[in-house]
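Here's the structure we're looking at; comments come further down.
The values are calculated or read from the model by the stated rules, or taken from the named source; none is laboratory data. This is a predicted model, so every value here is computed, not measured. Ideal geometry is used to build each Cβ from the backbone, glycine not excepted, and the neighbour counts take in all protein chains shown. Each accessible area value is taken on the protein alone, full model and side chains, heavy atoms only, with ligands, DNA and RNA left out. Shrake-Rupley method; radii C 1.70, N 1.55, O 1.52, S 1.80 Å.
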Amino acid sequence: MTHQGDGVARHQGMAIFVPRAIPGDVVSARIIEKRKNYAIAELSDLVRPSADRVEASCPAFSQCGGCSLLNMRYEAQLRWKRTLVVDALERIGHIPNPPVKSTLPCESPFHYRNKIVLPMTKERGRIRIGAYARGTHEIAGSATCLLHARELNKLVAGAAEVLEELKYTAYDETTNRGLVRYVLGRVGMSTGELMGGLVTAVRKLPKTQAFVRALVEKVPQLTTVVQNVNATPGNIVLGEETRTLFGKGFIEDVISYPELGSLKFRISATSFYQINPIQAAKCYAQAVRFVTPCECVVDLYSGIGTITSFLASKASVAVGIEESSRAVRDAIQNARLNGINNARFIAGRAEREMPRLMASGLKPQAVVLDPPRAGAAPDVLEAILRAAPEKISYISCYPPTLARDLTILLQRYELVDVQPVDMFPHTIHVECVASLKRKHSS
Ligand SMILES: C[S@@+](CC[C@H](N)C(=O)[O-])C[C@H]1O[C@@H](n2cnc3c(N)ncnc32)[C@H](O)[C@@H]1O
């Protein structure tokens, strides 16, 4: 089969993903897996390379599933990501000629990732820590990943030495035995605070003091060391319990943007925090600029209260709704830390709490929502339509679910524009911010 690709080739209406092919390549590829709506093909011959091809500057590129666009010119990645958004809005959202702007670039497209949770294995007695090879559970990632913050690469190298010295065993998912499942790390890109730790299959960590001492000695930038316990077999990465082994158990980071100002945030081991805060600030600014000034704004899927806190500086009341009670605790602390006293946080699922909040009589002029990849639940969208705010800002990390949810919201709203932001350079992911205004008749 030969295809003129756009990274994803199309054949009789079906999308065919060809890993390591890039948009504009002409390739021969063999279909190796067929699903209902798409297929995966293996690249067998690069017939004519795209003009946008560049040498991938990572030795693990051919196996690692981390940054599939590393062999594509950065400007072309930005253009392609815009096309992904347009395509989803047209095909899934049935929006003709959607008003999608050019993708906002990331000025430093390497070493931008502030968080890692990397699996560990022991192969012939040697510890390996890194990303899995595409479609497998074999470790392929390079110890000096080009996307991870440099501090995190140092942490991975230090942790590998310590785990070897202490003869810790690697967890084996087939037998459900062994100790260490993942190495985790988070860094405050603007504060330099560094968290390191392990996800273990059991609570008892042998030689805990020796582990902490050795890790801090090898990685002196560490400000805190934690242990997360995940005894559940399967693919869930983090468990419920996190123990602080050294330091305060969280890190702090500062997000700044000219029109937003600067706010400081406390981040625990398991709370959601955007992995590229410089680009996240561009999304936040887009949302805040569009929906404020206003009296009352609701921020759905509010995490540790980043957007809610920025909104609070330009609204009379800002209410955040977030499922994770740990993140809500961080959000309350963060509001205090920043001297914000007009933000309120509700712990609970948006599909339950948003209708309840509206039933309590609150009348927001604006709603911001930033759901996970699955998008917003129908009950959330219905509650927003009933609340009828003048403006909605929908931040999405997955254009297909944004497009699906817009089919509901656009019954009463007009799509002003969509701003793609390159939050994850060299990967196929794109973040975007959709701005919606209530139709006059609604
Ligand atoms: C993409 S993150 C956005 C967080 C925050 N807005 C930020 O920028 O840091 C999505 C958040 O939604 C939360 N979440 C997931 N499902 C939820 C639900 N059904 N109701 C409320 N929050 C939910 C997650 O815990 C996570 O914090």
Against the definition (within 27 Å of VAL26 (Cβ to Cβ) and under 20 Å from the mean Cα position of the chain (by Cα)), how does ALA88 come out, yes or no? yes
Search result, residues across region 381-397 that are in contact with a Lys or Arg (Cβ under 7 Å, 6 or more places away or on another chain) and closer than 23 Å to GLN274 by Cβ: LYS391, CYS397
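Okay, residues lined up against (1) within 12 Å of the ligand (Cβ to nearest atom); (2) surrounded by fewer than 16 Cβ atoms within 10 Å (Cβ to Cβ); (3) closer than 29 Å to ILE428 by Cα:
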site	(1), (2), (3)
GLY320	yes, no, no
ARG349	yes, yes, yes
LYS363	no, yes, no
ALA374	yes, yes, yes
LYS391	no, no, no
Among the strands (runs of 3 or more DSSP E) contained in region 232-312, which hold 1 or more residues that are surrounded by 21 or more Cβ atoms within 10 Å (Cβ to Cβ) and within 12 Å of the ligand (Cβ to nearest atom)? 250-257, 261-268, 294-300
Run down LYS122, LYS115 and say which single residue is more than 25 Å from VAL430 (Cβ to Cβ) and in contact with a Gly (Cβ under 9 Å, 6 or more places away or on another chain). LYS122
Do you know which residues across region 396-442 are open to solvent by less than 10 Å² (accessible area, probe 1.4 Å), in a strand (DSSP E or B) and without any contact (Cβ under 8 Å) to a residue 60 or more places away in the chain? SER396, TYR413, ALA434, LEU436
So if I check each of ALA157, ALA143, which one is in a loop (DSSP other than H, G, I, E, B), of a type outside the set (Val, Ile, Thr) and assigned by TED's automatic domain parsing to the domain that holds THR223? ALA143
Starting from residues that are outside any strand (DSSP E or B) and of a type in the set (Asp, Glu), keep the ones in region 89-135 and report whichever is most open to solvent (accessible area, probe 1.4 Å). GLU107
